[in-house]
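The values are calculated or read from the model by the stated rules, or taken from the named source; none is laboratory data. Fair warning: this is a prediction, and the values are worked out from it, not measured in the lab. Here the Cβ is made from the backbone with ideal geometry for all residues, glycine too, and neighbour counts use every protein chain on show.
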Amino acid sequence: MPRTQNRAVMNWLFIFAAIVAFLVVFGGFVRLTRSGLSIVEWNPISGSVPPTGQHDWEREFAKYQQTPEFIYVNAGMTLDEYKYIFYIEWVHRFIARLAGLVYAFPVFWFLFRKTIPWKEFGVYFLMGILFIGQAFMGWFMVASGLVDKPAVDHFRLTLHLLLALTLLGLALWTAFGHRYGFSSPAKTKWSSLSKLALVSFVVLLIQISYGGLVAGLKAGHVSNTWPLMLGQWIPKGVFGANGFNWVNLFEAPQTVVYIHRWFAFLGLILVPWAYWQAKKRNYPAEIQRGLVWLIVAVTTQITLGVIVVLTNVNVPMASIHQAGAVTLFWLTIFFIHRLRAYDHARA
């Protein structure tokens, strides 16, 4: 990790992180509106400008009409209806291009001015690689829905999401280092509370991953009742028609959404436990107050998830739910950073 603090670099990283976070949430909106397959080509340069005339629009629409989504799902779609989903996906890609520019120009400027020393460039270079990787995975995901089925591969969608979150987490961790100072926490023993925060973070990542699988499989539409699903607490055959089946954990919509529904409550156990540990061990008031707010955030996120189920995946509510997940991710990164700094200070 870097060692040189700089306020300008910190501000740049927070702005970049905010754009990436918004991109993740807007990507969820794209998925919910079935807009992601509307642009059938990946043209990073020429695609930055949408169609400008009737002939251009008809040409783009003709390409879309050859896709499985149009043939099997939207066969009756008009050109005006196509323009709506096209613009949603175009805005998605425009924000991605903007994120790329917000990364590239400042990082080269800071290198040129030696604000970022060359010997500390590694973490910033990794951010660039991650950005390129998640952009490629985005197109690889879209391509999976243009061949023989009107849906993207749910594993590719989830990996695209996780790459974006990895980029977000790295940018935030580095920005917090510029804000609070860089230390060598890797050489410091992890306290019990820091370990608990790390476990909570892993639980959050698993829950978000299952959220990606739910989106890719459209599993949110399996049942619109809660707490019962399909009229039962544990629907018959939810983990396999003839006994437990590992494949169902990742492939069966009813299994994936069932896990996503209930795994979240593990977080509702871990975060209050972390608060109790912080209070018991007399951690700073700042950390204790923050954990209270994190409890509120987790509770709110679960409540939003229930509302999404009961409204049969209402698009605005589902988008807010995804924004809540990104917010929890941001907060958890912050707490782990501060707890590790506290471990280092105590050591």
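Annotations for the structure displayed:
- Residues in the range 57-91 that are surrounded by 14 or more Cβ atoms within 10 Å (Cβ to Cβ) and of a type in the set (S, T, Y): Y64, T67, Y82, Y87.
- One residue from N314, N282, N242, N248 being touching a Gly at 6+ places or on another chain (Cβ under 6 Å), free of Cβ contacts under 8 Å to residues at least 12 places away in the same chain and outside the structural domain of I88 (by TED's automatic domain parsing): N248
- Reported count of residues in the range 10-20, each being surrounded by fewer than 21 Cβ atoms within 10 Å (Cβ to Cβ) and in contact (Cβ under 8 Å) with a residue 12 or more places away in the chain, is 4.
- Filter pass, K83 being modelled with pLDDT under 95 and among the basic types (K, R): no
- Filter result for the condition that a residue is of a type in the set (A, V, I, L, M), in a helix (DSSP H, G or I) and out of contact with any helix residue (DSSP H, G or I) (no Cβ under 7 Å at 6 or more places or on another chain), over V326, V271, V257, V306: V306
- Taken together, the residues in the range 41-56 that are touching a residue at least 24 places away in the same chain (Cβ under 8 Å) and exposed (fewer than 15 other Cβ atoms within 10 Å of the Cβ) amount to 4.
- T327 surrounded by 18 or more Cβ atoms within 10 Å (Cβ to Cβ), in the same structural domain as F201 (by TED's automatic domain parsing) and touching a residue at least 12 places away in the same chain (Cβ under 8 Å): no
- Residue in the range 92-106 that is crowded, with 18+ Cβ neighbours inside 10 Å and either among the charged types (D, E, K, R) or not assigned by TED's automatic domain parsing to the domain that holds F22 (or both) present: yes
- Some residue of the range 277-296 being more than 25 Å from W190 (Cα to Cα), of a type outside the set (D, E), at pLDDT 90 or above and in a helix (DSSP H, G or I): yes
- Within the option set L146, L162, being closer than 27 Å to R34 by Cβ, in the same structural domain as W12 (by TED's automatic domain parsing), hydrophobic (A, V, I, L, M, F, W, C) and touching a Gly at 6+ places or on another chain (Cβ under 9 Å) holds for one residue only, L162.
- Only residues that are aromatic (F, W, Y) and crowded, with 16+ Cβ neighbours inside 10 Å were counted in the range 122-138, giving 2.
- Residues of the range 86-145 that are closer than 17 Å to I15 by Cβ and not in a helix (DSSP H, G or I): T115, I116.
- Taken together, L291, L268 contain a single residue that is more than 22 Å from R31 (Cα to Cα), surrounded by 15 or more Cβ atoms within 10 Å (Cβ to Cβ), among the hydrophobic types (A, V, I, L, M, F, W, C) and in the same structural domain as G211 (by TED's automatic domain parsing), which is L291.
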